Each structure stands twice: as structure tokens, then as C-alpha cells.
1. Do we find that B:F372 is surrounded by 19 or more Cβ atoms within 10 Å (Cβ to Cβ) and out of contact with any Phe, Trp or Tyr (no Cβ under 9 Å at 6 or more places or on another chain) in this structure?
2. Which is closer than 26 Å to B:V399 by Cα, touching a helix residue (DSSP H, G or I) at 6+ places or on another chain (Cβ under 7 Å) and within 14 Å of chain A (Cβ to nearest Cβ), of B:D112, B:D145?
3. Taking segment A:129-156 as the search range and keeping residues that are in contact with a Ser or Thr (Cβ under 6 Å, 6 or more places away or on another chain) and either in a helix (DSSP H, G or I) or more than 14 Å from every other protein chain (Cβ to nearest Cβ) (or both), which one is nearest to A:G73 (Cα to Cα)?
4. With B:F71, B:F90 as the choices, which residue is in contact with a strand residue (DSSP E or B) (Cβ under 8 Å, 6 or more places away or on another chain), part of a helix (DSSP H, G or I), in contact (Cβ under 8 Å) with a residue 60 or more places away in the chain and surrounded by 19 or more Cβ atoms within 10 Å (Cβ to Cβ)?
5. For segment B:247-274, enumerate the residues that are outside any loop (DSSP other than H, G, I, E, B) and within 23 Å of the chain's Cα centre (by Cα).
6. Hey, any hits in segment A:252-265 for a residue that's over 27 Å from B:G443 (Cα atoms) and touching a helix residue (DSSP H, G or I) at 6+ places or on another chain (Cβ under 7 Å)?
7. Is it the case, given these coordinates, that A:A119 is within 29 Å of A:A178 (Cβ to Cβ) and either touching a residue at least 24 places away in the same chain (Cβ under 8 Å) or under 16 Å from the mean Cα position of the chain (by Cα) (or both)?
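The values are calculated or read from the model by the stated rules, or taken from the named source; none is laboratory data. Since the model is a prediction, treat every value here as computed from it, not as a measurement. Neighbour counts are summed over all protein chains in view; Cβ atoms, including those assigned to glycine, are modelled from backbone coordinates with ideal geometry.
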Amino acid sequence: MRKVRHSELKGWEFLSPTLVLLLFLGVVPILYVIYLSLFRYDLFSVVGMRYIGLDNYRKLFSDPVFLYSLALGLRFAATTCVIQIFLGLILALFLARNFTGKGLVRGVISLPIAVAPVAIGSVWILLTNVEVGPLPYLAEKIFGIQYNIGLSAGQAFLTVVIMDVWHWTPFVTLAFLAALTMRPQEPLEAAKIDGASSWQSFRYVTLPFLEPVLITVVLIRVMDALRIYDEVRILTDGGPGSATRFVSIHIAKMVVSQARYGYSATMSVFVLYLTIVICWLLYILISRRGGAGATKAA
Amino acid sequence: MHKLLKKRFLATLLCMSFLVFAVLAGTVLAAEDLDWWKEAAAPYKGQTITILGEFTPVSEFILESGTIEEFEEITGIKVNFPMATFEELFAKLIQDLGQGTKIYDGANIEQDIIFSFYGKGWLANLDKLMEEHPEIIYPDLDLPDFNVSRNYATYDGNLYGIPIECSIKTYVYRKDLFEDPEIKEAFKAEYGRDLAVPEDWHQYEQIAKFFTDWGKKKGIDLYGHTAEAKAHVALAYELLLQYFPPWGIWTWGINMDTMRASVERGGTLDSPRAKEALQWYIDMLKYGPPGVRTYTWDEAFASMASGKVAQGLLYCEWFADMQTNPEKSVVVGKLGTNLTPTLPEVMNHLMRRRGYDEGYIGYIETNPLVAFEPSENKEPTFLFFQWLTRKSFMTEYVVATGNVLRKSSLSDPAVIELNEKLNGYLDLLTRYDFLYVGSPDFGNHATLIQIYKSWFERAVAGEISVSDCLDGLAEEIDQIMEEMGY
């Protein structure tokens, strides 16, 4: 049996308050939600709380409304993450260069991150209002398009995507920019001496260097996109019809408005599980590809 | 001449003495009144009560009128009166009452959801409270003086709330446009009949089309219809409370005996009549302003107040504002109200057989103030409710809000004057209150309304057909009713 050293014990002693806090604030609520998911528990039911085992989970896979909102949420997450990472990388590469007014441009680009999601939703309500908003007016005047997010499901989805991209691309940009600023110049200079083109320098030197940041950004953005709520709740409230009823909106409506605690808990547990699985798969995928790229570069 | 002067002098003296006596008597009464409040509140002096209000014109009036401060000054009871939107209010209350945190002692609660709270045993029985504490019953409480609103705060013969809001959702129209000679002439030329407030849906549709076309023709921002068609709970309430009843689909299409919605189980929700009504509602949206599918109750009100709509079915809790407040409306003095149009056979049926069980044509909004059973401050809370609804405050209340709670306030000259300004709306409210009823008593109201919403919004957006919507909806309602033990 391994002897525990005094210094190790001291370390656990110091860690214990944080661990207890994490246990109560992080683990206990999740365990409670898992526990609730095994019950039929509707606040306004006259039959009370009943243990039903895995029935809620079985029901979940045959619930078309839940499956639809889950698919919609995944579609939204995939669309926004790809666009944000692409745009964020381009902007970061642009801002990493030296030019006059760089500080000002960086400041302006970062502004949307500072705005509260509720305020973003409210601003976009005004922008897209059919009767007074500038976007429907300009869409009609310039492109001859009838832009009405209360009427068109496609336009509503697209608007929510654009709103999210506008809100979170600066975050992606700043993350990449931080990594680019830390990038050592020697490998780039060596590549230049070896006759590498700009694209080759980017593909085989810069990109592998950005890999850890890319993984972090992708994971954060995927998790964020899957749980998007505030902006969409304010702007469309899931509509028109169910065009923007993402899974987070759907769960919130079930738990807050309908007070169906048992079934909502099941949905929450499943979405948490799915998010973890997706993030793990993405991590594996990106790190393997990145690793291959890095090896090639070496 | 001298005699005449003497007589006039005596008459003047008599009048003045009478006035002085009346003023003195009033002062004495007022002083006695104040003494009663002070005495009744004495045991609760220094306590704080928290009453959650909804963002409505009535709540805003209560906050702005200074009556809370007056109550605090007289009684020494501190009152917190925070406000929340309809959905927030519901969420806050079920969190508080469900978890037993006792943040709120009472609330101004929508009639729609009160039965859910009653079913959970969260509401304080005011009859019991009065029996236990007769010393806190205001001598002039006069419960029978409350109008129909009192019925919606009474369950199983016991009083669970004191009414604080009472208005109807009904047909509102631009009286000035309906009386415009050019418009009247154009309408008659097109439809071969006089332009008049519609009695049935066919007439309503003609008028809607006419005004939308008129707006286009004249190049003005005018439409013949408004609605609350956003993917929002307002849509479900509008259809269930305002559009289905005049088509003869009552109690949300649910049979109150079997508690089921499908036709095969006694309901009417998937009946041909309900499908006709929903289809008509969707078809009518083309006559509304371009943004009508983004409207909830707020925007529907704003569309009328901004002068861009000629007619619509609106919550009249805002009607006094629209008709009298130039800061909130550009159509001050230009509006009229009338009974909601119906199918002709529905109105004939209702006028023959008056009564809730026989059906209704629209919604009466009768929010009561309720005290919560877990609260330890029920007595001061009840005192505050009586303070807000005391007779001497009612004239100011009616004039400011256009809501009517007490029958006695209707004879007040200021209220009569307001009724004239509102083009007879208060008459409509009191004369036809039997045609407008509140939501049915569903204990699982909160769950049901969201299910209705989720189906209606998809039909309105064109994702599913009207027939699929109501068939699927009726099936899900039956299923959830069964699951929840109803």
C-alpha cells in the first residue's frame, strides 16, 4: 500500500473547501435532476409524483416535438460554429497584422461580446420589426425581398443564426488573436527561407499552432450554441411556428411554463449527455487531424 | 324687494349651513374611517408585506396613485409591490409557493391560472380568515357590491380573492372611420349595405377587407384587422377565449364532464366547427398589418392606439388609455366598442339561454388579489386588499383604469362622464357581462395552455394543416388529461 505523504495530505486539506463547494453546486444538482427524470412529476397533476423508472427516457425517443427541437438545435449549433470559426479566424489573421487604427478596430469588433444576450435580442427585435425596423425596409428597397421573421420560418432561422454569429464571432476572433500574438516567429521565418508560400505557411505552421485554441473554442461554442436561450426567447420565442424552437427553448417551456418537472428533467439529462458526447467526439476528431497536420509540418 | 332679499339671504344661509354640516360630517366620517384603519392595523404595525403585481394599467395606477404610501402612513404596515409580466409572474409564484420560500404574501393574479393555485392549496381562504379575525373586516367592505368579478374569486362557496381588475376583451373599432361619409359611401357602393359594426364573422371579414384595401388605395397605413398571432401564449389565449367561443366552441373545446377534448370522447376541439374557426382566424391575418404575426397583446393594443387598425378584438383593460390618454394613443375619442361578432346561430342561442353553462362569446378578465396560505402575514395582506378596493377609492380607480369592480361606482357622476368618453364601454361591460366569462376551471391550466400554444403556432405558421393541428391537439389533450389524473 502506497504511503500518503504529508505534503499530499496538506494539499487535499487546502482543496477540500473548493471540492465540497463543487460537489454541492455542481454534482448534487445534476444527481437531483437525474433522480427527478425517473419520476412522472407534473406540478399541477392530481396524481402527484410517481416513480416510473426509465419510462420518461423511452417516451423521449418517440416524442416528435422533442426530437425536432433537438435536431433544430444541432443544426443551429453546427451552422453557427462553422461560420463563427471561419470568420473569427479570418478576422484574427487580419487583426494580427500591423496597420493604423488597429486598436480601435479591435475595440469595435469586441463590442458585441460585452452586450447582454437579452439586450442583443431586444436590439434585433427593433432591427427586424416589419413596421419600423431598418432590415425589412432595406431588404425590400435593395433586394426586393419581403423580410418578415414573423411569417417566414427560413428567414427567422437565418436571422437567429446571423444574430448569434454577430454576437459570438468576436469571442472566437479574440481567442485566435491571443494565440497568434503568442506565436513564435522562428518557424514562420524558417518556412519562408525554405520557399513555403503564404498558404503553406498558414496550413503547416500557423494552423497546427492554433490547434489547442481551436479545440477550446469549438467546444465552448458548441456547448453555448446548444444551450442558446435568451436572445431567441426575446426575438422569436421559438417561432414562427416551431422554426426556432431549439431544444433549450423547448425544455425551458416545459419546465417553467408547464411545470412538467419529471419529463423536463429527462430532456435536460439527455441533452447534457449528448453535449458531452458531441464535445468528446469533436475533441478526438480535431486533435487527431491537428496532430496529423503538426506531424506533416514537422 | 326687501322681503325677497331676506328670503334669498335665508336660503343662502341654509345652503351654507348644509354645506358646512356636510363637510363636517364628512370630516368626522373620514376621521372615524382613519381611526378604524389605524386600530385594525395596530397589531401588524411594522410588518412588511410583499404583493406581486402584473404589468397592467391597474397595477401601474396603484403604484402611481400614491395609495400605497397612504396605506403605509396610516397603518404603519410596509408594502412592497413589485411587478412582473404575465409569464414571469406565474414562474415567480410557482417557484416561491412550490419551494415554500414565502417571498410573496399575495399577488394580483390572472383569473386564468387562479384555479391551478387553488387546486394546490396555495390560496388563503378569506372567508375563514374573516371568521377568525372579524376585527380586520372593514365595515364598508360590502362584498355583494362587487360585480360579476367576485364569482371568479369564489370556489366551493368560499372567497379566495378580492377582485382588483375587471374588463372584457371585445370588439373595438374606429368610430370616426365608420362615420366618415366618404368611407361609408365607398363601402355601400362595394357591398350594397351600410357600413356598421359587424354582428357576424362574414360582416367582419368584409369590413376587414374593405379597410385594408382602402389603406392601399389611399396610400395610408391602415388595415382592417389586428390579432395576437406571434408564437406566444397570447395566441393560444386569443383563440381559446376570443375566437372559438363565438363559433360555439366553449371551454377550450374540452367537455367539462368527461374532461376530454376529442369529439369521440365528448369534446369539440377537433370538430368541423373548430376547424372552420381556426382556418378563418389564419385566413384573416392577411388583412392585418404586415407585422401581425409578431404581435402579442401589447403590439395588438399598440396597432389600434397608433391608428393603423380599423377594427379588432382587444383586451379592454387598455381601452380607457386608448380612448382618453393622448400620450398613449393617437385615436383619443375616436374609438367605439361593441359585442364580439359571432356565428348568427351562436348569438341566437346565447340570448335565449343566459348562463355560463350555455356558452359565451368572449372573455372577461377578472384578476383577484389573493393572499397565500403559507404566508405569515395574511391579516395585514387582507387589510391592504380592502384598502385598495374601498368604495371611496373606486371613482378614482375607475376613471384612471376603465375597470369596474363595484356596482355602486357606476352611479358616480365622474364614472358616468367617463362612460360617455368611452362611448358606452362601461354600459357594455355591465349589461352583457353574462356573455363574457373567464377561463374554465382547469387545475392543470398552465400545462394545457402551452400545449394548445405549441399546436396553434405551427398551424398559424403553415407548418401543419388546420385539420392535423386540431386532430393532434385533441389527442394530446386527452392523453395529458389522463396522465395528470383529470
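1. When the stated conditions are applied, B:F372 does not pass them.
2. Matching residue, one of B:D112, B:D145: B:D112.
3. Within segment A:129-156, the first condition is being in contact with a Ser or Thr (Cβ under 6 Å, 6 or more places away or on another chain), and the residues that meet it are A:135, A:149-150, A:156.
Then drop every residue that is not either in a helix (DSSP H, G or I) or more than 14 Å from every other protein chain (Cβ to nearest Cβ) (or both), which leaves A:135, A:156.
Working: A:L135: 25, A:A156: 14 Å.
Result: A:A156.
4. Unique residue meeting the criteria: B:F71.
5. Initially, segment B:247-274 is screened for residues outside any loop (DSSP other than H, G, I, E, B), giving B:247, B:251-253, B:255, B:260, B:263-265, B:272-274.
Of everything in segment B:247-274, those that are outside any loop (DSSP other than H, G, I, E, B) and within 23 Å of the chain's Cα centre (by Cα) turn out to be B:W247, B:T251, B:W252, B:G253.
6. First, the residues of segment A:252-265 that are over 27 Å from B:G443 (Cα atoms): none.
Taking every residue of segment A:252-265 in turn, none turns out to be over 27 Å from B:G443 (Cα atoms) and touching a helix residue (DSSP H, G or I) at 6+ places or on another chain (Cβ under 7 Å).
7. Working: within 29 Å of A:A178 (Cβ to Cβ): yes; either touching a residue at least 24 places away in the same chain (Cβ under 8 Å) or under 16 Å from the mean Cα position of the chain (by Cα) (or both): no.
So A:A119 does not fit the description; no.
Table: residues versus (1) assigned to a helix (DSSP H, G or I); (2) buried (at least 22 other Cβ atoms within 10 Å of the Cβ); (3) at pLDDT 90 or above.
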residue	(1), (2), (3)
A:A265	yes, yes, yes
A:V271	yes, no, yes
A:L281	yes, no, yes
A:G291	yes, no, no
